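Asker: Sending over a structure as structure tokens; questions will come in a sec.
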Amino acid sequence: MIELVERHTALAVVVGSRAYGLHGPDSDYDRRGVYVAPTQAFWRLDKPPTHLDGPAAEQFSWEFERFCVLALQGNPTVLEVLWSPLVETVTVDGEQLLAARQAFLSRRVAETYGSYARDQLNRVAARRARTGETNHKQAMHMIRLLVAGVHVLRTGDVLVDVRHLRDRLLAVRRGELSWDEVAAWGADLLVELADAAATTALPEQPDRDEVDQLLTAVRQRNLQ
């Protein structure tokens with residue numbers, strides 16, 4: 001099945017620390033992509049896989065339709081793919097996906113980004129309570145998610161490159177900020193997230209009609 005990624009990738013990007021502007025010389029290349037299974041493959045009893053690992057290390061790809069469903073739900077990990085500044089591969093299908101990226105955004109990103117960040121916060125707090133240790137990397141990503149959530153609600157664009165906060169975020173990751181300072185930063189950002197959600201110009205729901213038209217066009221283009 002990996003040939004679906006090798007032969008039918010529509011969009012491939014680098015995400016993670018290198019896209020965030022938080023990388024060091026030894027940082028991995030985290031790659032994410034979208035592949036388009038040939039339309040006729042859906043006419044069989046055994047459908048194409050919705051996602052695949054590989055073939056490279058730290059590479060993960062979604063089939064086009066599955067990617068669209070997750071993006072419509074406001075999944076932060078998926079939305080980052082559409083705004084990554086590090087694009088490695090893009091076909092006609094990928095260009096159309098990028099052109100339609102605003103259609104995936106809605107006010108539900110306040111909940112998804114907030115929920116992801118709170119989950120990270122709860123995990124860090126639980127580990128501290130259990131072991132006395134702090135997962136500083138997890139704490140950094142909690143802050144980054146909240147910053148990105150506020151940004152998308154205020155601007156209508158997904159923030160990936162956070163190098164303007166590089167020094168402070170890396171200080172969190174290195175444990176140079178106390179947990180009280182990190183928790184206070186997170187609490188302030190949660191307030192900002194709520195304020196941004198209350199005033200955002202994003203629509204109540206994503207534009208499913210536009211995404212349906214996109215998916216139909218992609219399936220028709222890949223009939224052969």
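The values are calculated or read from the model by the stated rules, or taken from the named source; none is laboratory data. Quantities reported herein were computed from a predicted structural model and do not represent experimental measurements. When we count neighbours, we look across all protein chains shown, and the Cβ atoms used for this are built from the backbone with ideal geometry, even at glycine. All accessible areas refer to the heavy atoms of the entire protein, side chains included, with ligands and DNA or RNA removed. Shrake-Rupley method; radii C 1.70, N 1.55, O 1.52, S 1.80 Å.
Asker: Among (1) over 23 Å from the mean Cα position of the chain (by Cα); (2) open to solvent by less than 40 Å² (accessible area, probe 1.4 Å); (3) among the hydrophobic types (A, V, I, L, M, F, W, C), which single condition is Trp179 missing?
Answerer: (2)
Asker: Could I ask something else about it? Among the candidates Gln102, Gln120, Gln96, single out the residue that is within 30 Å of Ser178 (Cα to Cα), assigned to a helix (DSSP H, G or I) and open to solvent by 10 Å² or more (accessible area, probe 1.4 Å).
Answerer: Within the list Gln102, Gln120, Gln96, the selection yields Gln120.
Asker: Does Ala148 satisfy the condition of being loosely packed, with under 15 Cβ neighbours inside 10 Å, touching a helix residue (DSSP H, G or I) at 6+ places or on another chain (Cβ under 9 Å), under 26 Å from Val14 (Cβ atoms) and small (Gly, Ala, Ser)?
Answerer: The answer is no for Ala148.
Asker: Got a sec? Which of Leu190, Leu177 is outside any helix (DSSP H, G or I), more than 24 Å from Arg32 (Cβ to Cβ) and of a type in the set (A, V, I, L, M, F, W, C)?
Answerer: From the options Leu190, Leu177, the qualifying one is Leu177.
Asker: Still on this structure, please answer the following. Given the conditions (1) in contact with a helix residue (DSSP H, G or I) (Cβ under 6 Å, 6 or more places away or on another chain); (2) charged (D, E, K, R); (3) open to solvent by 70 Å² or more (accessible area, probe 1.4 Å); (4) closer than 30 Å to Thr9 by Cα, and given that Arg107 satisfies all but one, which numbered condition is not satisfied?
Answerer: The number of the failed condition is (1).
Asker: Can you run down the residue pairs with Cβ atoms below 7 Å, 6 or more apart or on separate chains, where the first is in segment 155-167 and on the phi > 0 side of the Ramachandran plot and assigned to a loop (DSSP other than H, G, I, E, B) and the partner is of a type outside the set (Gly, Ala, Ser) and surrounded by 13 or more Cβ atoms within 10 Å (Cβ to Cβ)?
Answerer: Gly156/Gln102; Gly156/Leu105; Gly156/Leu202
Asker: Could you tell me how many of the residues in segment 1-25 are more than 15 Å from Phe67 (Cα to Cα) and in contact with a Ser or Thr (Cβ under 9 Å, 6 or more places away or on another chain)?
Answerer: Number satisfying all stated conditions: 8.
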